[in-house]
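Trainee: Please read through the structure below; I'll follow up with questions.
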Amino acid sequence: MKRLYAADQLPTIDPPAEGPEFLVVANRLPIDRDDSGDEPGWKTAPGGLVTGLAPVVRRASGAWIGWPGITDTDVDPFEHDGMHLVPVRLSSEDFQMYYEGFSNGTLWPLFHDVIAPPAFHRTWWDKYLEVNTRFAIRTAETAGKNATVWVHDYQLFLVPQLLRSMRPDVSIGFFLHIPFPPVELYSQLPWRSEILRGVQGADLIGFQRPTDAANFRRCVRKHSGFITKGDDITVTADPDLGTEEHITRAAHYPISVDTDALIELADTPAIQARAQEIRRELGNPDIVILGTDRMDYTKGLRHRLKAVHELLREGRLDKDKVTFVQIATPSRERLDHYKQIRTEVELAVGHTNGEFSGLHNQVIHYFHYSFPRDEMTAFYLAADVMLVTPLRDGMNLVAKEYTACRTDDSGALVLSEFAGAADQLTQAVLINPHDITELKNGIMRAVGMEVREQRRRMRPMRRRLKDETVHTWARSFLSDLAWIAGAEPVPLETAAISLDAARTGLDGTEVPGEVAGEVPGQGQAAESSEAPGQVPGEAPGQNSGGTAP
């Protein structure tokens, strides 16, 4: 079993004569394969991360490093949509063991409260270290002298320290889009010290919620023995890793959405007309309830369907007046836990429809595929009630997307207190999704909410989203990183994104890294941290699997 590589095991890499001064490093490049033309090409992928960072990469003449979404293929660096993209090669074995294995079979369940049991395999860890080293070397070879590097998410925990060992001149930020677990859960990880040491190579580590940052600092004190003071961690020198003592800051920077772009999209007459058409296609019910998620065991789909079934059985929801639309974007379909959740969800939908639907009305409309952004926006406008009820989520941008799109301040949001968005959207109907009775009561409160109360709740949430956007998130993190590292600030784009960009590049939640109905070599779309709006096949364009992300 391999541990972190010592400095003398890593190549010595000098800065290139001319290299970008700002780099984003993520599991996925911000692109998907585009086979619609005569020859295969690339198109910009949907995702909240792409929306927030692509303008910064363009303005700074920066680079984006990541996997292009196809296995066993060498792709040379190329320009796309004003960005310099630097592909990292993954083999089918890399994909299976690093991505499906350690990233999503070990870290993902462990970091989401062990809703599904994590698997600990030494061969997965070895491959995770190998691929992270490959990403770090690619970054070290690409970054200009004294560059700023922003690494994203749980697939690349080790990159900051590996990069610091090879290129001590660069400033390094890291952002975790998923929750960070309490020390009692994190301690189960056999490679707990290596993960902590890897990410502490960063100057600034960002989290979605204050509790995530606090959990991380507690784990550092217990398993690394480093001193923490407030948000700051004193990382001692390590001769083996070739690093000097430095301060790492661990703080929260909640990601958001491109509010102005969503408002512009929601105010488009064609989108508004489509929203009315959706209601007609659903049979013009009095109330439309909407849920849109990646098909993931963390999203609370089984609990939500159980609550709806019981409300129908009890007669509290009128089957002739209420319609529930559940969009479940395909996700990681080769993994057993994801196969199981799909089976359980579809059995529950069939059971409820079989018991309560009539010849001319269907109680639950279930879609196991993704929709384009325009269509998702129309669904947001058509829905009277939005259910965002994950059992654990880093942020969940679906909640913020729905709120931003409600330009008349109507609508009711039922939101899990275990989603990061609950920290900002405090006027939502907050519920504990593990408590089916509380979830049912929350749904009924939203269904029966008067328009006056809807607007009283929605207005302050929408005001906050206008102030706290994905662009202010990026500016805040990068400004703090420059100050902490004593580096030159990254040029930041402040102009609003265009409507066309909103249609193609915003979807909600995860980050490039969540790959669609993933069959290696097919290059399907990257998922977003949690919002499933624009994701072919599986992918979220969505989500907002965050991301997701």
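Trainee: Would the range 237-296 count as rounded, prolate or oblate if I go by the C-alpha gyration tensor, calling it rounded below 1.5 in a/c and otherwise prolate when a/b exceeds b/c, oblate otherwise? List each step's numbers first, then the result.
Mentor: Details: a/c = 5.11, a/b = 3.02, b/c = 1.69.
Note, shape of the range 237-296 comes out prolate.
Trainee: What residues qualify as long-range amide H neighbours of VAL325, i.e. H under 5 Å apart, gap of 5 or more or another chain, H built at 1.01 Å from N?
Mentor: The list, which skips near neighbours in sequence, is ILE289, LEU290, GLY291, HIS365.
Trainee: Sticking with this one: Which value, in debye to the nearest 20, gives the size of the charge dipole of the range 7-252 about its Cα centre, when Lys and Arg are +1 and Asp and Glu are -1 at the Cβ?
Mentor: I would put it at about 1000 debye.
Trainee: Something else about it: What is the Cα coordinate range of the range 7-252 on the first, second and third principal axes, sorted by size from largest, in whole angstrom?
Mentor: Extents along the principal axes: 56, 42, 34 Å.
Trainee: Under a 5 Å amide H to amide H cut-off, with H placed in plane at 1.01 Å, what residues pair with VAL490 once short-range neighbours are removed?
Mentor: Under 5 Å from the amide H of VAL490: no residue qualifies.
Trainee: Over 26 Å between Cα atoms, which of LYS299/LYS440; LYS299/LYS319; LYS319/LYS466 qualify? Kindly include the intermediate steps, with their values, before the conclusion.
Mentor: Working: LYS299/LYS440 16 Å; LYS299/LYS319 24 Å; LYS319/LYS466 37 Å.
The answer is LYS319/LYS466.
Trainee: Positive end of the dipole of the chain, charges at C-beta (+1 Lys, Arg; -1 Asp, Glu), about the Cα centre: which of PHE157, PRO254, SER92 has its Cα farthest in that direction?
Mentor: PRO254
Trainee: Return the whole-Å distance between the Cα centroid of the range 1-67 and the Cα centroid of the range 323-378.
Mentor: Rounded to whole Å, the Cα centres lie 34 Å apart.
Trainee: Turning to a different aspect of this structure: Might you report the magnitude of the Cβ-based charge dipole of the chain about its Cα centre, with Lys and Arg at +1 and Asp and Glu at -1, to the nearest 20 debye?
Mentor: So the magnitude is around 1600 debye.
Trainee: Taking amide hydrogens as modeled 1.01 Å from N in the peptide plane, which residues meet the under 5 Å criterion relative to VAL25, leaving out close sequence neighbours?
Mentor: Sorted by chain and number, the residues that satisfy this are ILE65, TRP150, VAL151, HIS152.
Trainee: Sequence neighbours fewer than 8 away in the same chain don't count; with that in mind, list the aspartates and glutamates whose C-alpha is under 20 Å from LYS321.
Mentor: Of all the aspartates and glutamates, those that pass the test against LYS321 - Cα under 20 Å, at least 8 places apart if same chain - are GLU277, GLU281, ASP286, GLU310, GLU355, ASP384, GLU450.
Trainee: Now for a separate question. What ³J(HN,Hα) values, in whole Hz, does the Karplus curve 6.51 cos²θ - 1.76 cosθ + 1.60 give for the range 11-24 when θ = phi - 60°, with x put for Gly and Pro?
Mentor: Computed from phi, the couplings for the range 11-24 are x, 7, 10, 8, x, x, 4, 9, x, x, 8, 9, 9, 9 Hz.
Trainee: Taking the Cα centre as origin and putting +1 on Lys and Arg beta-carbons and -1 on Asp and Glu beta-carbons, what dipole magnitude results for the range 259-467, to the nearest 20 debye? Show your work: numbers first, answer last.
Mentor: Working: 31 positive and 31 negative charges, 55 e Å.
Dipole magnitude for the range 259-467 comes out near 260 debye.
Trainee: Report the antiparallel proportion of the DSSP beta bridges in the range 202-343 as a percent, rounded to a multiple of 5.
Mentor: Values: 8 of 20 bridges.
Beta bridges within the range 202-343, antiparallel portion: roughly 40 percent.
Trainee: Positive end of the dipole of the chain, charges at C-beta (+1 Lys, Arg; -1 Asp, Glu), about the Cα centre: which of THR123, PRO182, SER370 has its Cα farthest in that direction?
Mentor: Comparing the listed Cα positions along the dipole, PRO182 ranks first.
Trainee: For the charge dipole of the chain, defined by +1 on Lys and Arg C-beta atoms and -1 on Asp and Glu C-beta atoms about the Cα centroid, which residue among LEU492, LEU359, SER171 has the Cα displaced farthest towards the positive pole?
Mentor: LEU359
Throughout, read-outs are computed from the coordinates displayed, never taken from laboratory work. A quick note: this is a predicted structure, and the numbers were derived from the prediction, not measured. Quick reminder, even Gly has a Cβ in these numbers, built from the backbone with ideal geometry, and neighbours come from all protein chains shown.
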